[in-house]
Amino acid sequence: MTEPKTKCGFVALIGEPNAGKSTLMNKMVGAKVSIVTHKVQTTRARIRGIAMAPNTQIVFVDTPGLFRTRRKLDKAMVAAAWTGAADADVVVLLVEAHRGITKGVEMILDGLQTRIGGKQKIALAINKIDKVKSEVLLELTESLNEKFPFEQTFMISAEKGFGVKGLEQYLCDVLPEGPYLYPEDQIADVPMRMLAAEVTREKLMLRLHQELPYALTVETEHWNERKDGSVRIDQVIYVAREGHKGITVGPKGEGIKTVSMMARKELAEMMGREVHLFLQVKVRPNWENEQERYTEMGLDFKDTK
Ligand SMILES: Nc1nc2c(ncn2[C@@H]2O[C@H](COP(=O)(O)OP(=O)(O)OP(=O)(O)O)[C@@H](O)[C@H]2O)c(=O)[nH]1
Ligand SMILES: [Mg+2]
């Protein structure tokens with residue numbers, strides 16, 4: 001008997017900020033690979049998560065949300081998302097069921113025609129179906145398919161898992177034959193230093209309000225394996241203004257203490273060992289114009305132009 005042929009390929013998840021891309025990827029992978037918050041623009045760079053299905057390895061590419069913007073960091077994020085789509089075998093566009101066809105969705109539909117080349121299969125996933133009545137879904141499916149010739153439409157709830165198996169089956173059907181790109185037990189292709197910085201950024205996003213979460217970045221500076229099996233992680237939170245530092249640290253340092261505790265706990269669970277996390281807040285007014293900051297985030301500085 002001959003071995004069954006394996007399949008493997010890249011599936012880019014794109015959509016407006018907050019559409020549920022990272023939630024869907026984590027669900028498919030079965031572990032938290034990409035951070036999730038209720039706020040827009042949580043994901044800043046392309047994050048690869050790997051899911052295994054029978055004879056198929058699906059490499060998901062979670063991308064930053066697509067939207068119109070002029071800010072440098074946002075431009076680099078949007079460019080990263082389109083590159084993710086252009087490089088993929090399959091693109092899945094997520095649209096939020098309760099929001100329908102927004103201006104942002106229209107802009108993405110235009111981009112699908114002009115920005116990614118046409119070699120990919122493009123499918124539609126209407127997400128958050130737990131939020132709407134089923135009648136709405138048929139109408140939305142029809143309107144979206146009139147605007148763009150999607151290969152398939154799926155109705156899903158990434159959070160609750162509805163419809164996710166069907167989408168996975170479709171991906172297994174359409175991905176090209178080829179050898180696995182990663183070992184079968186690998187679930188992510190993100191440097192641990194970056195993943196650890198992302199976890200801290202998630203906790204900061206959850207605690208801080210208004211523009212502040214968008215005006216900071218987190219970097220892992222040192223990663224030291226200790227003899228006792230634990231790991232010491234030193235991170236820097238760069239903020240743009242002195243006032244931001246005060247808010248981030250909080251009265252008597254309570255804010256940063258809570259963030260540190262939450263991030264440490266999650267990292268320890270993730271890695272299955274003890275973690276010592278040290279956070280430092282530094283004011284760096286110009287960080288958004290520094291090439292190195294973008295490289296650390298996994299973004300391309302030239303995309304800020
Ligand atoms: N009710 C409901 N909420 C969902 C569903 N999927 C995701 N969410 C929520 O939507 C919010 C945004 O989810 P994310 O996965 O961070 O969205 P994203 O598209 O990655 O967002 P950006 O990274 O900002 O572009 C979170 O609060 C999720 O819990 C769903 O199926 N139903
Ligand atoms: Mg995201």
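The values are calculated or read from the model by the stated rules, or taken from the named source; none is laboratory data. Since the structure is predicted, the reported quantities are computational estimates derived from the model, not experimental observations. Positions of Cβ are backbone-derived with ideal geometry, glycine not excepted, and every protein chain shown enters the neighbour counts.
Below are the figures for this structure:
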item	result
Some residue of region 140-160 being of a type in the set (A, V, I, L, M, F, W, C), surrounded by fewer than 20 Cβ atoms within 10 Å (Cβ to Cβ) and either within 22 Å of the chain's Cα centre (by Cα) or in the same structural domain as M270 (by TED's automatic domain parsing) (or both)	no
Flag if A123 is more than 16 Å from ligand 2 (Cβ to nearest atom), in contact (Cβ under 8 Å) with a residue 12 or more places away in the chain, within 19 Å of G166 (Cβ to Cβ) and aliphatic (A, V, I, L, M)	yes
Flag if H222 is without any contact (Cβ under 8 Å) to a residue 24 or more places away in the chain and over 21 Å from the mean Cα position of the chain (by Cα)	yes
Of the criteria (1) of a type outside the set (A, V, I, L, M); (2) more than 13 Å from ligand 2 (Cβ to nearest atom); (3) assigned to a loop (DSSP other than H, G, I, E, B); (4) in contact with a Leu (Cβ under 7 Å, 6 or more places away or on another chain), which one R99 fails	(4)
Meets criteria (over 23 Å from the mean Cα position of the chain (by Cα) and touching a residue at least 60 places away in the same chain (Cβ under 8 Å)) for E198	no
All positions within region 195-221 that are among the aliphatic types (A, V, I, L, M) and either within 20 Å of V283 (Cα to Cα) or crowded, with 20+ Cβ neighbours inside 10 Å (or both)	A196, A197, V199, L204, M205, L208, L212, A215, L216, V218
Residues being within 19 Å of E211 (Cβ to Cβ) and in contact (Cβ under 8 Å) with a residue 24 or more places away in the chain - total across region 245-275	7
Residue match in region 194-202 (condition: modelled with pLDDT under 95, in contact with a helix residue (DSSP H, G or I) (Cβ under 6 Å, 6 or more places away or on another chain) and on the phi < 0 side of the Ramachandran plot)	no
Which listed residue is farther than 14 Å from A125 by Cβ, within 14 Å of ligand 1 (Cβ to nearest atom) and assigned by TED's automatic domain parsing to the domain that holds V164, from V95, V36	V36
Single residue of A88, A12, A19, A80 found to be away from ligand 1 (no atom under 13 Å from the Cβ) and modelled with pLDDT of 95 or more	A88
